[in-house]
Each structure stands twice: as C-alpha cells, then as structure tokens.
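Peer 1: A single structure is presented below for examination.
Throughout, read-outs are computed from the coordinates displayed, never taken from laboratory work. Everything quoted here is computed from the prediction, not taken from an experiment. Here the Cβ is made from the backbone with ideal geometry for all residues, glycine too, and neighbour counts use every protein chain on show.
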Amino acid sequence: MYNIDYYLSLLKKKDLNTYYHSVRVAHYSYLMGKQLKYTNEQLSFLVISALLHDIGKLYIPNSILKKPNKLSNQEFLEIKKHTLYVRKILKNWDSRLLNVIATHHERLDGSGYPYHRSGYSIPYYSQILAVTDSFDAMTSNRNYNQIKSYYEAIYDLWNCSTQGHNLYNYNLVSLLNQVLCTDNQQKIKHYSA
Ligand SMILES: [Fe+2]
C-alpha cells in the first residue's frame, strides 16, 4: 500500500496553500465520482490522484511557489514542471496513477501541458481533475488571481468548454455544478448562444 499520508505531510510542510487546495480538489472530485456511480476502487483512485495531483510542487523552489506577485514567463515555465516531477517523486507507483497526475493540466484542445495531449488521449480521471483543480484555483485565495464567486467560476468553465474554446469537458463542468448545488447552492443554468 502506498504511503499517501507521508507525501501529504511533506506537501503540508512545503506549502499550506497547496495542501489545502489539494484537499478541496479531492473533495470536489469525490463528489463527482459518487455522482458518476464509481466503484469504491475507482473512487479511491480518483481521490488519491486528486490529493497528490500537485505533489510535483515539492521540487519547485519556494521563491517561485510562494511568490506573492505575478510569475515571470521563466518562473511559469519552472512551475509547469511539477507535472513532470511527479514521476520522480512517486517512482514505482502505479503507472496509471502517475499518468493521471501528470496530465491534470492537459486540455481537450491540446493547449495544455506538459505533453499537449488532446481529446480522448487525456484520461477521463484527468479531465475530472482539470475541472475541479481549475474551479478551486478560481474560487480560492490565490495571490496573483482575482477570486471568483462560485457562479462566475462555473460560467467561466462552461465558456471554456463551448463556443470554440474546447478546454474542459462540458459534461463534467455541468456535473460539478450539479454536485455543488446540493450543498444549499442554487443550481445555475448555462445558456450557450
Ligand atoms: Fe497542478
């Protein structure tokens, strides 16, 4: 069995923001997996992937990871490497899990990183992480981004899934809206032109 707690404790020590972000992404992903009627095995695969999706940031210098203002292009290139570092940090782990974690920043239109994969070549689990990761980044306190409301974030993700911007899986964005609205949230509708 993999020592997930150990790696989470390292992440918590390295950067509390990334740690709490990972926990929230795991929570959203779990709710989506439940709604997708995943088996316990599929759910734990999804939750472990979500908890450790940013584990590669252990190798990113604090001067970049905790920089209070906007990153330079060079620094952004550096931070993108966290998707590759996971294979070094979790070496010998299940290759399917490493593949999902390594591709959580890929986008359906091929504009993501690190491999510029597109469409069905991106694992479905990674497509879920792409939605939950981006949603949390938009709605939580990131230094260099304006915090969006729940509604703004869902609209933005929907708009990035339609109208020629095929970044996210539209159905998964709708599913996130559906599962979040059960927590006293009013479900919103998307009117695409
Ligand atoms: Fe990431």
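Peer 1: With θ taken as phi - 60° and the coefficients 6.51, -1.76 and 1.60, list the Karplus ³J(HN,Hα) couplings across the stretch 125-139 in order, rounded to whole Hz; mark glycine and proline as x.
Peer 2: Listing the rounded values in order: 4, 5, 5, 5, 4, 4, 6, 5, 5, 5, 4, 5, 4, 6, 9 Hz.
Peer 1: Have a look at the stretch 73-171 and give its Rg and Dmax from the Cα atoms, expressed in angstrom.
Peer 2: For the stretch 73-171, the Cα radius of gyration and maximum Cα-Cα distance read 14.1, 41 Å.
Peer 1: Further question: Taking only the Cα atoms of the stretch 4-181, how large is their convex hull per residue, in Å³?
Peer 2: About 115 Å³ per residue, rounded to a whole number.
Peer 1: Starting from the Cα of Asn40, step 7 Å along the direction of its Cβ; do the same at Ser63; then give the gap between the two resulting points in nm.
Peer 2: Those two pseudo-labels are separated by 4.9 nm.
Peer 1: Each residue of the stretch 105-112 in order: what ³J(HN,Hα) in whole Hz does its phi give by Karplus 6.51 cos²θ - 1.76 cosθ + 1.60, θ = phi - 60°, with x for Gly and Pro?
Peer 2: 9, 6, 10, 4, 7, x, 8, x
Peer 1: Still on this structure, please answer the following. Say a site is exposed when it is one of the trypsin sites (Lys or Arg not before Pro), sits in a DSSP loop, and has at most 15 other Cβ atoms within 10 Å; what is then the longest site-free stretch of the chain?
Peer 2: Value returned for the longest uninterrupted segment is 92-141.
Peer 1: Which entries in Lys34/Lys88; Lys70/Lys91; Lys14/Lys88; Lys13/Lys91 show an alpha-carbon gap greater than 25 Å?
Peer 2: Distance filter (> 25 Å) returns Lys34/Lys88; Lys70/Lys91.
Peer 1: Work out the charge dipole of the stretch 4-181 with +1 on the Cβ of Lys and Arg and -1 on the Cβ of Asp and Glu about the Cα centre, then indicate which of Ser140, Cys160, Leu172 is farthest towards its positive end.
Peer 2: Comparing the listed Cα positions along the dipole, Ser140 ranks first.
Peer 1: When only alpha-carbon atoms are used, what values of Rg and Dmax, in angstrom, describe the stretch 1-76?
Peer 2: Final numbers for Rg and Dmax: 14.5, 43 Å.
Peer 1: What list of ³J(HN,Hα) couplings, whole Hz, do you get for the stretch 97-104 from phi and the Karplus terms 6.51, -1.76, 1.60, once you set θ to phi - 60° and write x for glycine and proline?
Peer 2: These are the phi-based 3J(HN,Hα) values: 5, 4, 5, 5, 5, 5, 10, 6 Hz.
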